[in-house]
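Input: a single structure, listed below in structure tokens.
Every number in this text was worked out from the coordinates using simple rules, so none of it is lab data. Bear in mind the structure is a predicted one, so any value in this text is a computation, not a measurement. Cβ coordinates were reconstructed from backbone atoms using ideal geometry, including for glycine residues, and neighbour counts include every protein chain displayed.
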Amino acid sequence: MTDEVRPVLQARGITKFFPGAIALADVDLSLRPGEVHALLGENGAGKSTLIKCLTGAYARDGGTLELDGAEVSPGSTEESQRLGIGTVYQEVNLLPNLTVAENLFLGRQPLRWGLVSRRRMAAEAAGVLAGYGLHIDVREPLSHYPVAVQQVIAIARAVEMSGRVLILDEPTASLDRDEVELVFSVIRKLKERGLASVFITHFLDQVFAICDRATVLRNGRVVGTRELAGSAPRDIVHLMLGRQLESEVHERHGGQGGTLLAEIDGLGRRGMIEPVSMQIREGEVIGLAGLLGAGRTETASLLFGAVQADPAPGAAPGCASARSHGRRGDSRRGSG
Ligand SMILES: Nc1ncnc2c1ncn2[C@@H]1O[C@H](COP(=O)(O)OP(=O)(O)OP(=O)(O)O)[C@@H](O)[C@H]1O
Ligand SMILES: [Mg+2]
């Protein structure tokens, strides 16, 4: 209401019951033109349920929806797409055996594309994808391309069919860093065109890389909407969890005295994870805990050697900063 520009999408008081549970209670969400709006919350907070209520996949039990100031009430995902709301999910929702061009135009090929004009369809598909920075052979089957490229094609299809709002429900969950960058480059182009997007992810670094604002859900309720430019990741985590997240090292039974098996000192990789230090003693089980995206898998990959760590500061190039031990030492542990 206080937004100076009219929101592209305005949801008010969205409520959804499941048998025995309130999945969403009085949820408001507002999207400005050209913004990427993160929808955050712990597992089960209600993010996907809200998306399904916005796209007509679920019938809502309360609340209203406005698109460009006009009340809408899509009864199906097809209807919401026609109205202007397109959705892309973690699993690419296209047909792998059809060509890229066929996937782009599936279900909306004008008649002139019947048997005669496959060449024309290919040319139009290539033109559309070029607008997203993707220069590929659109006559190849979709399955010939990496998942990230398929995801960009899914985004292009959703935007071409809807064009006002793009909803992205964990589209980057199975992508690696470079692939995420490809998807982000497309989201940035759409932002420039004024499209409003909702971006659901568990990766906070991605939220800060691409989003303008974030709305946080907890137990089906909105606990806050924040401009990300003025927020710190820990404030957002605090909102998500409802309590301050301390960096803690818990020691249940003394590692003191056990033989030191390995000492990890400043093991890290630029652009991937900050340096981690810890000591591992005989007979110990050390838990690595953190939210998704906190760096648990990356730490394990570095420890195992599956990913090459940066050389320790001051060390000779290629010098490993994790080493095995037989000597005794103190048992303080740190976590990254
Ligand atoms: N079809 C359903 N029937 C009953 N309860 C459901 C159904 N779908 C979701 N729920 C419940 O509603 C709540 C919200 O679930 P939702 O899937 O929206 O969470 P989410 O924020 O998307 O979580 P995640 O991060 O794990 O994807 C959860 O308590 C979930 O168990
Ligand atoms: Mg979900």
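Place the peptides 190-201, 89-100 in order of packing, highest mean first, counting for every residue the other Cβ atoms within 10 Å and averaging per peptide. List each step's numbers first, then the result.
Details: 190-201: 19.7, 89-100: 16.5.
Per-residue mean Cβ counts within 10 Å order the peptides as 190-201, 89-100.
Taking N as the number of residues in the range 119-168, what value does Rg over Cα atoms divided by 2.2 N^0.38 Å take?
Numbers: Rg = 10.9 Å, N = 50, 2.2 N^0.38 = 9.7 Å.
Ratio of Cα Rg to 2.2 N^0.38 Å: 1.12.
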Next item on the list: Please give, to one decimal in nm, the separation of the simple spin-label points placed at A173 and F18, each 7 Å out from Cα toward the Cβ.
Entry: 1.4 nm
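Looking at the calculated P(r) for the range 3-152, what percent of the C-alpha pair distances fall above 23 Å? Don't jump to the answer; show the numbers that get you there.
On the way: 5614 of 11175 pairs.
Summing the P(r) of the range 3-152 above 23 Å gives 50 percent of all pairs.
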Check: So how far apart, in nm, are the two label points at A232 and L98 if each is 7 Å from Cα heading toward Cβ?
Finding: 5.0 nm
Notebook entry, point to check: Could you name the lysines in cross-link range of K47, using Cα to Cα under 24 Å and dropping any fewer than eight places away on the same chain?
Noted result: K16, K191
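Could you give the length gained by full extension between S143 and E66, i.e. 0.36 nm per residue of separation minus their alpha carbon distance, to one decimal place?
Length gained, S143 through E66: 24.0 nm.
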